[in-house]
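One structure below.
The values are calculated or read from the model by the stated rules, or taken from the named source; none is laboratory data. Remember, predicted model here, so these are calculated numbers, not experimental data. For neighbour counting, all protein chains shown are included, and Cβ atoms are generated from backbone atoms with ideal geometry for every residue, glycine included.
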Amino acid sequence: MEKMIEDVVLLHSGRGMDVLREYMDADYLEQAAELILKQQKGTVFLTTGFFVAGYAETDGPLGTAVLGQALTELGYQPVIVTDTFCKGFFEKKNFTVEYMETDAEPAVYNELIRKYQPVAMISIERCGCNICDDYANMRGESIRKYTAKTDILFEKAAVYGIPTVGIGDGGNEIGMGNLKEIISEKLSLVPCKVRVDRLVIATVSNWGAYGMAAYIQKKTGKKVLSPYEEIEEYLRAIVNLGSVDGVTKKQTMSVDGFSLETEREIIDNLHELVDRYAV
């Protein structure tokens, strides 16, 4: 069977995402890319930033930057919605950023939607409210007081008919509500309850975002998937701003415990696949 982009983003799976794949369409990542490409050119909200040990972790911002850049190349206007733990992460890429307070009322998110009129919303490694009405990290510890409730945007999107994509790698991220019963049963975790139109799972959420960019490149013919060197440079920039590995909690050039060598492997595999499609 021909290797799919979905296969690449699930390499080295060790947290149960390979288990969840059995309950999803084989081309779930392609479907997510297609959903975004169907939308008229306009603002796309991208929310990311996961609080770990006083900082935002390295998983999420990288994928957001890559996907945001890909959308920009296509004529969309990305707006990054996050909290102050990601301060300075996205301005270097010239993205518009909205920093949300942890105690912001739902009306603030309503106003954000009215202000930008987004045509779609994408979450990349962003904690969402779980079935116990809390916001928790991978260790089950509450991070409610450190987490702006950007998942409210996705709940409102369902009411307003705005298409949504959620990218996650553990079970506690926005979008995992699509499989919350399966996550509770098969992974013995307390899942996020927030649903999306298209759920993307990956071993590392960044890889899911890279996979979406790869499918966008495949379908449009535009070279929008960033090269590895660009991604490494951006990782170094956010680590210098304080970003930490979500698994080790250390300020190192790694993501979810994976080395730069593994990061390069994933990017090289994705480029190889899309280059093959181009031929």
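Observations on the model:
- Number of residues in region 60-80 that are farther than 26 Å from Ser254 by Cβ and in contact with a strand residue (DSSP E or B) (Cβ under 8 Å, 6 or more places away or on another chain): the value is 5.
- The residue pairs whose first member lies in region 146-174 and is in contact (Cβ under 8 Å) with a residue 60 or more places away in the chain and within 21 Å of Gln40 (Cα to Cα), whose second member is of a type in the set (Phe, Trp, Tyr) and buried (at least 20 other Cβ atoms within 10 Å of the Cβ), and whose beta carbons are closer than 6 Å, counting only pairs six or more residues apart or on different chains, are Leu153/Tyr109.
- Per-region count, region 1-43, residues under 20 Å from Thr203 (Cβ atoms) and either outside any loop (DSSP other than H, G, I, E, B) or in contact with a strand residue (DSSP E or B) (Cβ under 6 Å, 6 or more places away or on another chain) (or both): 16
- Scan of region 102-131 for residues that are aliphatic (A, V, I, L, M), closer than 14 Å to Asp83 by Cβ and part of a helix (DSSP H, G or I), ordered by number: Val108, Leu112
- Within region 39-68, the only residue that satisfies the criterion of being surrounded by fewer than 24 Cβ atoms within 10 Å (Cβ to Cβ) and within 15 Å of Leu235 (Cα to Cα) is Tyr55.
- Filtered residue count, region 62-120, keeping only those that are of a type in the set (Gly, Ala, Ser) and under 25 Å from Val204 (Cα atoms): 6
- Within region 146-171, the set of residues being under 14 Å from Phe51 (Cα atoms) and assigned to a helix (DSSP H, G or I) comprises Tyr146 only.
- Region 191-222 - residue that is touching an Asp or Glu at 6+ places or on another chain (Cβ under 8 Å) and not in a helix (DSSP H, G or I) and, of those, farthest from Arg21 (Cα to Cα): Lys222
- Test: residue in region 132-145 that is closer than 18 Å to Gly246 by Cβ, among the acidic types (Asp, Glu) and not in a loop (DSSP other than H, G, I, E, B): no
- Considering residues of region 236-260 that are charged (D, E, K, R) and not in a helix (DSSP H, G or I) only, the residue nearest to Asp275 (Cα to Cα): Asp256
- Residue satisfying condition, being charged (D, E, K, R), buried (at least 21 other Cβ atoms within 10 Å of the Cβ), at pLDDT 95 or above and not in a loop (DSSP other than H, G, I, E, B), within set Glu263, Glu233, Glu181, Glu272: Glu263
- Scan of region 99-149 for residues that are surrounded by fewer than 19 Cβ atoms within 10 Å (Cβ to Cβ) and among the small types (Gly, Ala, Ser), ordered by number: Ala104, Ala107, Gly140, Ser142
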